[in-house]
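Read the structure below first, then the notes.
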Amino acid sequence: MSSPNPILLGLLVMTVATPQSKPDGTVPAPTSVGSQTPHSPAETAAFSQAAAAGLSQAATAGQSAFELPAGLAADAVAVITPTTSAHATPSDLGSRGNVPAYAQDAWSKPATWIAWGTLLSAEKDATQDAASVKNAATSGAERRARLALLALEQGRSEAAWAHFAATKSDPTWTAAILPRFLPGVPSGSASAGGGNAAPLADGAILTPSLPPPTRASGEGGFDRRSMSTRSIAIGSAVVSMKVSVENEGVQIDVRHVSGGPAKIAILIPEPPDYTFGNEYVDWYRQDEMHVPHVFEVKPGEEEHTLYGRFEAREQVLRSRVPSTMPSPITLGGLWLVAPDDPGRPLLAAAAQSISTVLGVECKLRAPGEKPFWTGISVDLSVPSERTTKLAWLASAVERFALAPSTAPR
């Protein structure tokens, strides 16, 4: 940032990546992702019945189909039953009957920033004035579901889970978006009951979220946690998945539960404070990183493990949000500093939405340009850093806008 004042939008913490110890291992030959050929209606019905039967058996045994760390997100999932239907998907989030999702490149479009600002402003008004809910164009659960999906696409898993938890008021929305978090089904996947997606094609790419933070977690403290689902129908198999954040990395365990063999591709999710120094499949180090890793599950095999070993990021952005708007922003505004390049329209849309949500001036200026009043500036002059900084900025704005006036921020 060009201004050292971190009052509203946080501290920019610079850390130096340190070398991590790496287990030895040969690299298996790369495997191509399996066919995305859809199932026949008979196969889909059979696997839907198998998955539903597994969920009913788990419920009968007193076991939940999903396990999340104790907290508000877990409370929301606990309301879902095997018979909970998914909410109908709005046309802008996919075809009717599919799991709702935004496009992967949604945040590269100015329209997404405008939509985000509209949703956030409406939710802010509803939070501050319960009477405004009666006049809202969308329900509170739908607004939060949309904000959750947007945060998920921007890599803000903690914010995404916070919005997800707020959909508890309408379990059909909770059930509709859960498959995007766990197991992370692709956009365009068909919905099923009970918070599940319909059976996936052989070789489907899964992008699970990080588990939601625990109740006891706080800024600056490491939060070990895990989440799991007992039944994912994919190809001719039904598998289980557990996603864990451990002291040294993120681990995903996949176990064959029933059916035949199947190919699966999984992208290991990265936390905001760390990148991965190495990635492993069944403890074999992979040549390629930050890509979906493909493996095959077969009946009778031991579980398969994917692992990303932590390596500190060079830059870590942290938010520390006050209870009231700082006077430098009230008097001098918030400035997004960037040259006149092709990304300018996107930044202009971001500035417009931030102004609307916070009720203060947020404008663009070129590097070296002197504002009339200092205000607070966010340096976005390096294009390669914008995605990360804009995501951090969106989270900080959301936290400030939605925090109760009496709550610490």
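Coordinate-derived values only; no laboratory data. Source: prediction; values computed, not measured. Backbone-built Cβ (ideal geometry, glycine too); neighbour counts: all protein chains shown.
Report, in whole Å, the centroid distance computed from the Cα atoms of region 67-83 and region 375-405.
Centre-to-centre distance over Cα atoms comes out at 30 Å.
Quick one: order T84, T330 by neighbouring beta-carbon count within 10 Å, fewest to most.
With the fewest neighbours first, T84, T330 line up as T330, T84.
Set the Förster radius R0 to 30 Å, insert the Cβ-Cβ distance between N247 and V291 as r into 1/(1 + (r/R0)^6), and round the FRET efficiency to 0.05. Don't jump to the answer; show the numbers that get you there.
Numbers: r = 25 Å, r/R0 = 0.82.
Result of the calculation: an efficiency of 0.75.
Tell me, F372, F310, F295, F66 in order of fewest to most beta-carbon neighbours within 10 Å?
Details: F372 7, F310 20, F295 17, F66 23.
Taking fewest neighbouring Cβ atoms as first place, the list is F372, F295, F310, F66.
Highest first, please rank the peptides 172-180, 68-76 by the mean number of other Cβ atoms sitting within 10 Å of their residues. Before the final figure, lay out the partial values.
On the way: 172-180: 26.0, 68-76: 19.8.
My ranking of the peptides, most packed first, is 172-180, 68-76.
Taking neighbour Cβ counts within 10 Å as the exposure measure, how do V382, V316, V185, V297 sort from fewest upward? Show your work: numbers first, answer last.
Working: V382 10, V316 16, V185 27, V297 22.
Going from least to most buried by this count: V382, V316, V297, V185.
Check which residues have an amide H placed less than 5 Å from A237's amide H, if you skip close sequence neighbours.
G260
For region 154-168, just list the computed ³J(HN,Hα) in residue order, Karplus coefficients 6.51, -1.76 and 1.60, θ = phi - 60°, integers in Hz, with x standing in for Gly and Pro.
Ordered by residue, 3J(HN,Hα) equals 8, x, 9, 5, 5, 5, 4, 5, 4, 5, 4, 4, 6, 7, 3 Hz.
Grab the Cα-Cα distance for S91 and K109, subtract it from 0.36 nm times how many residues apart they are, and report the gain in nm with one decimal.
Numbers: separation 18, 0.36 × 18 = 6.48 nm, distance 1.80 nm.
Net length gain for the segment: 4.7 nm.
When the C-alpha atoms of region 350-400 are aligned to their principal axes, what extent does each axis show, in angstrom, from largest down?
30, 28, 15
Could you work out how far the C-alpha centroid of region 251-275 sits from that of region 314-371, in angstrom?
38 Å
In whole Hz, what ³J(HN,Hα) sequence does region 257-263 give by Karplus (6.51, -1.76, 1.60; θ = phi - 60°), x for Gly and Pro?
Values per residue, Gly and Pro as x: 9, 7, x, x, x, 7, 9 Hz.
Once amide H atoms are placed 1.01 Å from N in the peptide plane, what residues at a sequence separation of 5 or more from A198, or on another chain, have their amide H within under 5 Å of its amide H?
Under 5 Å from the amide H of A198: A190, S191, A192.
Figure the gain on full extension for W283 and E302 (residue separation times 0.36 nm, minus the Cα-Cα span) and round it to one decimal in nm. Intermediate results must be reported in sequence, preceding the final value.
On the way: separation 19, 0.36 × 19 = 6.84 nm, distance 1.32 nm.
The span from W283 to E302 would gain 5.5 nm if fully extended.
Can you give the FRET efficiency to the nearest 0.05 for V382 and T83, using r as the Cβ-Cβ distance and R₀ = 60 Å? Spell out each step's value before the answer.
On the way: r = 51 Å, r/R0 = 0.85.
Computed FRET efficiency for V382 and T83: 0.75.
Determine the relative contact order of region 333-409: mean sequence separation of Cα pairs under 8 Å and six or more apart, normalised by residue count, in whole percent. Write down the numbers at each step before the final one.
Values: 81 pairs, mean separation 28.9, N = 77.
It comes to 38 percent, rounded to a whole number.
State, to one decimal in nm, how far the label point of T374 lies from the label point of D341, with both points 7 Å from Cα in the Cβ direction.
2.8 nm
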